[in-house]
Amino acid sequence: MKNRFKKLLVLLVLPMCVLVTQPVMAAKDSFKVAWTIYVGWMPWDYANNAGIVKKWADKYGIEIEVTQINDYVESINQYTSGGFDACVMTNMDALTIPSASGVDSTALIVGDFSNGNDAVILKNKKKLKDIKGQKVNLVELSVSHYLLARGLESVGLTEKDIKVVNTSDADMVAVYGTKDVSAVTTWNPLVSEIMNMPGSNKVFDSSQIPGEIIDLMVVNTETLKKNPKLGKALTGAWYEIMAVMSGKDKKAKDAKTAMGKASGTDLKGYNSQLASTKMFYKAADAVTFTKSKALKSTMAKVAKFSFEHGLLGDGAPDAEFIGIETPAGVYGDKKNVKLRFNPSFMQMAADGKL
Amino acid sequence: MKRLINRYPDRTLSVMLGALPFIFILITYIMASDARLEENSRDKLLPSISSMANAVDKLAMQPSKRSGEYLFWTDTESSLTRLGLGIGISALIGLVFGIVNGAIPYVRANFSPFITAISLVPPLAVLPILFIVFGLGELSKVVLIAIGITPFIIRDMQSKVMELPSEQMIKAQTLGASTWLIIIRVILPQVLPRLIAALRLSLGAAWLFLIAAEAIASTDGLGYRIFLVRRYLAMDIILPYVIWITFLSFFIDYLLKTLSECLFPWFHAEDK
């Protein structure tokens, strides 16, 4: 009886363990990529629907499945736990979620940086300094929080001078309409929605810290190392769409209309969001940006902010605990590099070698 | 050979059988967590028991560096306050409206269809309206819980009042009782234990609405913490919080049950 019970236990437990452990990573030929709705990531949706991703995957003899996830943080968590091989995210979230969880990640494509898409908005007040003593509604620990911290710094205030209220992005616009809320920090399309309401003043936005909030396509480093084809196919597909988008012809207009529709707005709305986004339409520009010294110092600021807010985990003794590799050098612990900016695939695209 | 339906486990075996699923989940978890940690020692998805203990120690036993508060306990306190207020208000409204609806046909004709309709509106779908009407503070969180569970309690109370034997009402009337006296002396004592039973059943829903409210706009609370640390996949905090919430609900349920048994032993006479 006891033996049978043991057998039963083993029979029941083993398959569950197999289910929850990560599949062993080896060279394979089918990959999963996750994306979420944001102005700088809509091209992935278009590339998927227009068959551009498939075309490039076929060229390299692999399969790429592109999945839209409705919840941004959930998509990164899924990527971190091994459910996806690649995922779109910002530079800060790449550091604080996968890298801080020990998942070595590579920024394969530097797509754009926010150039006004994220903003601090005050109701009936005109200067950032007026924020002192107010409650600020934002998604805590997100890039909004980082932007706010940078903004406060610029006028000699700190987070102690305000009180942050964690607010879901889905409800930000509704919340702003209530009389209790006098200050918010959020991103587009919510910013433009809120700016349409009376009394709203944009007092600080990401164009004042250009190049610090960066939107990336992040790939698991080990997967990329074993399957460079995945990197080539994704990069190739991306810059094909970039070429389409940056054109002035009907094709560019059609593509942007499709992207606007998919993100819940129209061509006009999408164009206005693009205006506050610095897209790297040319691979060469993205390479220059990635190779710049500024990227390293940006990541140092982001790491410092993340450490101060406990985002690098309990085990982190200081901001330099996680190494960040950039072409200009490694920031932090060289023995614990978990986030890599690798311009080599974008360079191939720039050289026309894909 | 006794039939299976007539065979009962003895006390010890029954406790062991009851514990089995829990032990099974625990072992599965530990094995899976070990396997993942072996591959990546900083995996956050299935943290080890010791790292969870560490996280709890940090939140519950040491004051927070930023505010000097014991976060675990302040979270618990604010969540329980909201939950208590929400359930208390719902119980009061539910009792009054339920009895009046059940006892007075004119009121029933007037309100019953409306309450039925209201109870079918998913509260989370009207959140933006709640925010605009009740603001963003504590009030809107309590109101969300109340809106979520009051209609259910009213309907339940109403049907319980109508289930009371009509002979009782007739007898009370032949003895000269007025409507008011019948409500206070015949109906009220009989539906009070049923109110507690309804509250126990709506606890789960009340927690759901509380956590939803805290996730949307808040500065403290159990739901707030879970949704905040989810941003960096801190399962070592989330899992103990989930267990804690489960324990709290279990404890509240137990309290309500004991209260009911103490106050209304006649109601539970048949249970034993």
Dipole check, the protein assembly as shown, charges on Cβ (K,R +1; D,E -1), about Cα centroid: among A:G83, A:F307, B:F152 the Cα furthest to the positive pole belongs to A:G83
Using the Karplus curve 6.51 cos²θ - 1.76 cosθ + 1.60 with θ = phi - 60°, work out ³J(HN,Hα) for each residue of the range B:146-162 in order, rounded to whole Hz, and write x for Gly and Pro. 4, 5, x, 10, 4, x, 4, 5, 4, 5, 5, 4, 4, 5, 5, 5, 6
How long are the three semi-axes of the equivalent ellipsoid of the range A:305-354, in whole Å, if each is the root of 5 times an eigenvalue of the C-alpha gyration tensor, listed from largest down? 30, 10, 8
For chain B, the longest principal axis of the Cα atoms and the Cα long axis of helix B:105-119 enclose an angle in degrees, to the nearest 10, of 20
Gap in Å between the Cα centre of the range B:63-80 and the Cα centre of the range B:209-272? 17
Take the residue pairs A:K125/A:K179; A:K291/A:K338; A:K127/A:K179; A:K226/A:K282 and return only those whose Cα atoms are more than 24 Å apart. A:K226/A:K282
Given A:A349, A:P317, A:G332, which one lies farthest toward the positive end of the charge dipole of the range A:315-354, if we put +1 on the Cβ of every Lys and Arg and -1 on the Cβ of every Asp and Glu? A:A349
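Per residue, how much space in cubic angstrom lies within the convex hull of the C-alpha atoms of the range A:94-135? Before the final figure, lay out each step's value.
Details: hull volume 5.0 nm³, N = 42.
Hull volume normalised by residue count: 119 Å³.
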Separation of alpha-carbon centers, the range B:135-186 and the range A:295-313, rounded to whole Å: 57
For a test of the definition: using alpha carbon positions, the gyration tensor, and the 1.5 limit on a/c, classify chain B as rounded, prolate or oblate. oblate
Radius of gyration and Dmax over the Cα atoms of the range A:118-208, both given in Å: 11.4, 31
Under 5 Å, built H, 5+ apart or other chain: amide partners of A:I109: A:M217
Share of Cα-Cα pairs in the range A:233-326 lying beyond 22 Å, as whole percent: 51
Cα-only Debye scattering, the range B:1-110: base-10 log of I(q)/I(0) at q = 0.11 Å⁻¹: -0.82
Specify which residue in the list A:T186, B:Y70, B:L4 is farthest towards the positive end of the charge dipole of the protein assembly as shown, using unit charges on the beta carbon of Lys, Arg (+1) and Asp, Glu (-1), about the Cα centre. B:L4
Cα long-axis angle, helix B:49-61 against chain B (0 to 90 degrees, to the nearest 10): 70
For B:L20 and A:S246, extending 7 Å from Cα along the Cα-Cβ vector and measuring point to point gives, in nm, a value of 6.6
Using Stokes-Einstein with the Kirkwood hydrodynamic radius over Cα pairs, what translational diffusion coefficient do you get for the protein assembly as shown at 37 °C and a viscosity of 0.692 mPa s, in µm²/s rounded to a whole number? 118
Of A:E240, B:E214, A:E74, how do they rank once you tally other Cβ atoms within 10 Å and put the fewest first? A:E74, A:E240, B:E214
By the C-alpha gyration tensor axes a ≥ b ≥ c (rounded if a/c is under 1.5, else prolate when a/b exceeds b/c, else oblate), the shape of the range B:196-272 is prolate
Compute the long axis of helix B:11-39 from its Cα atoms, compare it with the longest principal axis of the Cα atoms of chain B, and write down the angle in degrees, 0 to 90, nearest 10. 40
Rounded to the nearest Å, the spacing of the alpha-carbon centers of the range A:173-238 and the range B:12-31 is 45
Can you tell me the convex hull volume per residue for chain A, based on C-alpha atoms, in Å³ to the nearest whole number? 172
Go ahead and collect, in residue order, the members of the range B:225-240 whose backbone nitrogen is under 12 Å from a label point 7 Å along the Cα-Cβ direction of B:D57. none
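Fewest to most neighbouring Cβ within 10 Å: what's the order for A:M217, A:M195, A:M346?
Arranged by neighbour count, lowest to highest, A:M217, A:M195, A:M346 become A:M195, A:M217, A:M346.
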Given H placed 1.01 Å from N in the peptide plane, which residues other than close sequence neighbours of A:K32 have an amide H under 5 Å from its amide H? A:E65, A:D85, A:A86
Residue mean of other protein chain beta carbons inside 10 Å, B:38-44: 6
Qualifying trypsin sites (Lys or Arg not before Pro) in the range B:66-130, DSSP loop, other Cβ atoms within 10 Å at most 13: B:R66
Could you tell me what % of all Cα pairs in the range B:90-156 have separations over 21 Å? 29
Value of [θ]222 nm, deg cm²/dmol, for chain A, DSSP H segments ≥ 4, -39500 (n - 2.57) each, nearest 500: -12500 deg cm²/dmol
What's the average, rounded to a whole number, of partner chain beta-carbon atoms within 10 Å of each residue's beta-carbon in A:163-175? 5
With both partners inside chain A, how many of the DSSP beta bridges are antiparallel, as a percent to the nearest 5? 60
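Averaged over its residues, how many other protein chain Cβ atoms are within 10 Å of peptide A:307-315's Cβ atoms?
4
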So what is the calculated 222 nm ellipticity per residue for chain B, using -39500 (n - 2.57) for each DSSP H run with n of 4 or more, over all residues, to the nearest 500 deg cm²/dmol? -25000 deg cm²/dmol
With +1 on each Lys and Arg Cβ and -1 on each Asp and Glu Cβ, and nothing else charged, work out how big the dipole of the range A:118-208 is about its Cα centre, in Debye to the nearest 20. 480
How long is the gain from A:K160 to A:K132 if the chain were fully straight, where each residue apart is worth 0.36 nm and the alpha carbon distance is subtracted? 9.2 nm
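Read the figures in this text as sums done on the coordinates, not as results from a lab. The model shown is predicted, which means the values in this text are computed figures rather than measured ones. Ideal geometry is used to build each Cβ from the backbone, glycine not excepted, and the neighbour counts take in all protein chains shown.
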